[in-house]
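Report on the structure given below.
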Amino acid sequence: HATYDVEGVQEKWQKAWVDLDPFTADDDSPREKRYALTMFPYPSGDLHMGHAEVTALHDVIARYWWQQGYEVLNPMGWDSFGLPAENAAIRNDEHPATYTYANIETQFDSFQKYGLSFDWTRRLHTSDPEYYRWTQWLFLKFRERGLAYRKNSPVNWCPKDQTVLANEQVVDGACDRCGTVVTKRELTQWYFKVTDYAQRLLDDMEPLHGSWPERVLTLQRNWIGRSEGAHVDFDLHLADGTTRTVGVYTTRPDTLYGATFMVVAPDAPLAAEIVAPDRREQHAAYLEEIRRASDIDRLATDRAKTGVDLGVTATNPVTGERVPVWAADYVLADYGTGAIMAVPAHDQRDLDFARKFDLPVRRVVDTGEENPEETGVATAGDGTYVNSGGADGLDGLSDKAAGIARITARLEAEGRGQGAVNFRLRDWLLSRQRFWGCPIPIIHCERCGEVAVPEDQLPVVLPELKGADLKPKGVSPLAAAEEWVNVDCPQCGVPAKRDSDTMDTFVDSSWYFLRYCSPDYTDGPFDVEAVRRWGPVDQYVGGVEHAVLHLLYSRFFTKVLHDMGMVDFVEPFSALLNQGVVINRGKKMSKSLGNGVSLGEQLAEFGVDAVRLTLVFAGPPEDNIDWADLSPAGSLKFLQRAWRLSGDVTSPAGVDPAEGDVALRRITHRTVHEAAELLEGQRFNVVVARVMELVNATRKAIDAGCGPADPAVREAAEAVTILLSLVAPYVAEEMWERLGHAPSVARAGWPSVDERLLVQESVTAVVQVQGKVKARLEVSPDVSEADLEAAAMADEAVQRALAGRSVRKVIVRAPKLVNVVVGA
Ligand code: ANZ
Ligand code: ZN
């Protein structure tokens, strides 16, 4: 068998594509637009199997759109600020830019060799001053709108990376980058006010059902964590004889009669303000003890309960009882009001606490289960209210919604509370004490306070390393770059200091998809018209690890920009695909397991096309791929088979296929038709299977059917080539040329489908009555026995032949024969 030279074909087309330039998106094209986006990488190291998979899948979509006649924007760039570069710089004692831009070039070369249809004219790097100038500009605009602010608060602190982390970057209590247990620290930090957009972030997800993975929507919904309940006011009686009103947030105001104590977060300012003098020392000691615990630990139901009695009482607003007030770390300072009413009978954490510290438990909802006071198991379900203020209260009622409504109305009427909505979502902490990030464009002046760097002085460019030591020490290395940090106040001119923190890299990636629409624009972050032309992203492809971080932040940015009148949509990504993970022998690839598969080696051995085909063919795109189950060698064999077709065709290019072999033509047209449907449904692996079938059918037609000169063979080979161009672009280009066409096959256009060839072929079924032929029916070759029998019995000629006689038996041999036997 003849085979093609994989390496040679790659080199040849790699060069040719530079001039052919098939994928530069034309802003002025009259065609309908499509925006295909894949998450841009961090420039750490070279590309790996994960990149190979996601980009291969993504490329199928982009190339399909081109073939369908859309003008496709498919850009790529680098998320090039961040810790990996900074850590490498510390290791190698060099500037982070050195590492970053060297890796970018390596990855760029690899992407190019991998044959992806990116529009490289729009390439961007978030660490370029031309880019981060606009990140700074956006920060200032957000600040003008009251959406960026500074506050002092306890923050998540990674002791290893020596930097603060957003809540989203703390996974199971550990830093999501290095795995170190996260602790708390008090710091003055910058925040974005995402909470202002909580309800809209929730509401705007509605239309995304069906085009975003349900799993991601659920994660976002839970992250936003909307709950309904009430704020209830409790009067606190302090040790000095004064009274102070404190609100609690509860989702169960209907259990208020069972609130037998109150708990405040030990680290909330309130605790220090109300604690009785003789408990102060105990409280301080307790604060020290809990400092290291993460929020997740603190909220865990199975954690041993600890706490301190603050020596203060509160009045339960419906029972009038005096109840004790404790501080305990299972209540978080920055959620709700940082104080709760404890209802031990119906909340497990409250019950555990009550049992540990011997506090009263009062059941107020009878669920038919045993009394929590005896079992130690809180009952959270529905039931009938008891011990709840008699008939004037809730006693006897057995409808939770009605109970909540009644007690809330009463609290409102008495001015002791009101219905409330609460969100778990926190504001986005964006300051980082790191060097390799976007500088925060603020100057701190002793006289004027926080002063924005004037727009015409942007970007605030990172300094050379002079004086800056990158080793993490808990303050930003920028603070030590004296020449950089010391400036005159732009407002009053006295000596002042630049803000020395940099922004979380998630800020950089929250708007990059807009920048691609006009990457060289100098009058703003993007040209509003260009975004109107290309936005929103029609298909976003990337990992599910970004379900709450990047995707939530990008959605937030888009909404703010919408409110600023800069974009006319509210959701940035109309559809989202989360690809699966490439694993090996059942396990995640890792150094320690020694099961890593080197992309470079696979490409060298089997070629780009075979590796891409293998990844696409492996299964549904959202499923994990086990490399051990796959056969890139088999993929290459198939590609060779396909390629041979292009050499066997002997009819000339442009020949009219209408006269060609109908059987083969039917297969070709059905394959093209189905492929389009499958591609729309993102069932790429099935498309590959269909192409394989078409290759087999064409081979059969050449060797044992109509022969290589039949125009239907050319038609089939051309369809194979165009379909293959989505997955295996190099060999497809080569085949297209061998078939006598000018390149590039990438823009050849989707093969047109003749509807008449899609109609199922029919066969003739004979219907006999008592062995005599009475009718002939045209039926589908795969008609069922039941359908064939029904059609036969409904036939007029058959009915006439039966003439009212009773039918004894019907013998059906689908699709060819029906024999009706009549009774005596
Ligand atoms: C009384 C009660 C009785 C509660 C009951 C629950 C069940 P979500 O849905 O998450 O909003 N809570 C309020 N603030 C808190 C804080 N800062 N730290 C820890 N827990 C806090 O939950 C709201 C519920 O979580 C509130 O309703 C409160 O406990 C608790 F049978 O109040 B509940
Ligand atoms: Zn000043």
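The values are calculated or read from the model by the stated rules, or taken from the named source; none is laboratory data. Just so it is clear, the model here is predicted, and its values are computed rather than measured. Here Cβ is always computed from backbone atoms with ideal geometry, including for glycine, and neighbour counts include all displayed protein chains. Surface areas here come from the heavy atoms of the whole protein model, side chains and all, with no ligands, DNA or RNA. Shrake-Rupley method; radii C 1.70, N 1.55, O 1.52, S 1.80 Å.
Only one residue in Ala610, Ala658, Ala628, Ala642 is touching a strand residue (DSSP E or B) at 6+ places or on another chain (Cβ under 7 Å) and among the small types (Gly, Ala, Ser), so which one is that? Step through it out loud before you land on a result.
Values: Ala610 fails: touching a strand residue (DSSP E or B) at 6+ places or on another chain (Cβ under 7 Å); Ala658 fails: touching a strand residue (DSSP E or B) at 6+ places or on another chain (Cβ under 7 Å); Ala642 fails: touching a strand residue (DSSP E or B) at 6+ places or on another chain (Cβ under 7 Å).
Just a single option satisfies the conditions, and that option is Ala628.
Considering (1) closer than 29 Å to Leu187 by Cβ; (2) more than 10 Å from ligand 1 (Cβ to nearest atom); (3) touching a strand residue (DSSP E or B) at 6+ places or on another chain (Cβ under 9 Å), the lone condition that Ala265 does not fulfil carries the number (2).
Every residue, every condition in (1) open to solvent by less than 20 Å² (accessible area, probe 1.4 Å); (2) of a type in the set (Gly, Ala, Ser), yes or no:
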residue: Val695; (1), (2): yes, no
residue: Ala712; (1), (2): yes, yes
residue: Glu718; (1), (2): no, no
residue: Thr721; (1), (2): yes, no
residue: Leu726; (1), (2): yes, no
residue: Tyr730; (1), (2): yes, no
residue: Ser744; (1), (2): yes, yes
residue: Glu755; (1), (2): no, no
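Scanning the range 481-498 for residues that are under 17 Å from Leu140 (Cα atoms) and open to solvent by less than 10 Å² (accessible area, probe 1.4 Å) yields a single hit, Cys489.
For (1) under 18 Å from Thr38 (Cα atoms); (2) at pLDDT below 95, each residue gets a yes or a no:
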| site | (1), (2) |
| --- | --- |
| Val531 | yes, no |
| Gly535 | yes, no |
| Val541 | yes, no |
| His546 | yes, yes |
| Val560 | no, no |
| Gln579 | yes, no |
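Selection over the range 485-515 of residues that are of a type in the set (A, V, I, L, M) and in a strand (DSSP E or B) gives a count of 3. If the condition is being within 15 Å of Val720 (Cβ to Cβ) and open to solvent by 60 Å² or more (accessible area, probe 1.4 Å), then the range 643-677 contributes Ile667, Arg670, His673. Against the criterion of being within 16 Å of ligand 2 (Cβ to nearest atom), more than 28 Å from the chain's Cα centre (by Cα) and over 30 Å from Tyr197 (Cβ atoms), Lys497 qualifies.
Screening the candidates Thr135, Thr121 for the property of being within 23 Å of Gln433 (Cβ to Cβ), out of contact with any Gly (no Cβ under 7 Å at 6 or more places or on another chain) and not in a loop (DSSP other than H, G, I, E, B) yields one hit, Thr135. May I ask you to list the residues in the range 223-262 that are closer than 26 Å to Leu552 by Cβ, near ligand 1 (Cβ under 10 Å from one of its atoms) and out of contact with any His (no Cβ under 8 Å at 6 or more places or on another chain)? Those that are closer than 26 Å to Leu552 by Cβ, near ligand 1 (Cβ under 10 Å from one of its atoms) and out of contact with any His (no Cβ under 8 Å at 6 or more places or on another chain): Gly225, Arg226, Ser227, Glu228, Gly229, Thr251. For the range 328-363, taking the residues that are touching a Gly at 6+ places or on another chain (Cβ under 6 Å) and within 9 Å of ligand 1 (Cβ to nearest atom), the one that is most open to solvent (accessible area, probe 1.4 Å) is identified as Thr337. The test for being away from ligand 2 (no atom under 16 Å from the Cβ), out of contact with any strand residue (DSSP E or B) (no Cβ under 7 Å at 6 or more places or on another chain), of a type outside the set (S, T, N, Q) and at pLDDT 95 or above does not hold for Pro439. One residue stands out among those in the range 185-201 that are under 18 Å from Asp501 (Cβ atoms) and either among the hydrophobic types (A, V, I, L, M, F, W, C) or open to solvent by less than 40 Å² (accessible area, probe 1.4 Å) (or both): the one that is modelled with the lowest pLDDT, which is Leu187. Taking the criterion of being open to solvent by less than 60 Å² (accessible area, probe 1.4 Å), away from ligand 2 (no atom under 16 Å from the Cβ), in a strand (DSSP E or B) and not charged (D, E, K, R), would at least one residue in the range 213-220 satisfy it? Scanning the range 213-220, I find no residue that is open to solvent by less than 60 Å² (accessible area, probe 1.4 Å), away from ligand 2 (no atom under 16 Å from the Cβ), in a strand (DSSP E or B) and not charged (D, E, K, R), so the answer is no. Do we find a residue being open to solvent by 10 Å² or more (accessible area, probe 1.4 Å) and part of a helix (DSSP H, G or I) anywhere in the range 19-33? Yes: the range 19-33 contains one or more residues that are open to solvent by 10 Å² or more (accessible area, probe 1.4 Å) and part of a helix (DSSP H, G or I). Considering only the range 243-261, state which residues are under 37 Å from the mean Cα position of the chain (by Cα) and either of a type in the set (Lys, Arg) or in a strand (DSSP E or B) (or both). Within the range 243-261, Gly247, Val248, Tyr249, Thr250, Arg252 meet the criteria. Summed over the range 547-602, residues that are over 21 Å from the mean Cα position of the chain (by Cα) and part of a strand (DSSP E or B) total 2. For the range 702-740, filtering for residues that are under 14 Å from Thr668 (Cβ atoms) and free of Cβ contacts under 8 Å to residues at least 40 places away in the same chain leaves 1. Here Thr337, Thr313 are screened, and the one residue that is under 22 Å from Asn156 (Cβ atoms) and either out of contact with any Asp or Glu (no Cβ under 8 Å at 6 or more places or on another chain) or in contact (Cβ under 8 Å) with a residue 12 or more places away in the chain (or both) is Thr337. If you check Thr100, Thr106, Thr55 for being within 29 Å of Asp161 (Cα to Cα), part of a helix (DSSP H, G or I), open to solvent by less than 30 Å² (accessible area, probe 1.4 Å) and polar (S, T, N, Q), only one passes: Thr100. Scanning the range 500-526 for residues that are of a type in the set (Asp, Glu) and touching a helix residue (DSSP H, G or I) at 6+ places or on another chain (Cβ under 9 Å) turns up Asp501, Asp504, Asp508, Asp520.
Can we say Ala285 is in a loop (DSSP other than H, G, I, E, B), of a type in the set (A, V, I, L, M, F, W, C) and exposed (fewer than 15 other Cβ atoms within 10 Å of the Cβ)? No, not satisfied.
Here is a check on your reading of the model: is Leu47 surrounded by 20 or more Cβ atoms within 10 Å (Cβ to Cβ) and either part of a helix (DSSP H, G or I) or on the phi > 0 side of the Ramachandran plot (or both)? Here the answer is no, as Leu47 does not meet what is asked. Here Gln10 meets the list (1) farther than 24 Å from Trp534 by Cβ; (2) within 26 Å of the chain's Cα centre (by Cα) almost entirely, failing just condition (2). Taken over the range 249-282, the residue count meeting the criterion of being within 20 Å of Ser227 (Cβ to Cβ) and surrounded by fewer than 16 Cβ atoms within 10 Å (Cβ to Cβ) is 1.
When the range 421-472 is limited to residues that are closer than 30 Å to Leu219 by Cβ and open to solvent by 60 Å² or more (accessible area, probe 1.4 Å), the one that is nearest to ligand 1 (Cβ to nearest atom) turns out to be Arg424.
Looking at Gly740, Gly823, Gly771, just one residue is of a type outside the set (D, E, K, R), closer than 30 Å to Asp26 by Cβ and out of contact with any helix residue (DSSP H, G or I) (no Cβ under 8 Å at 6 or more places or on another chain), and that residue is Gly740.
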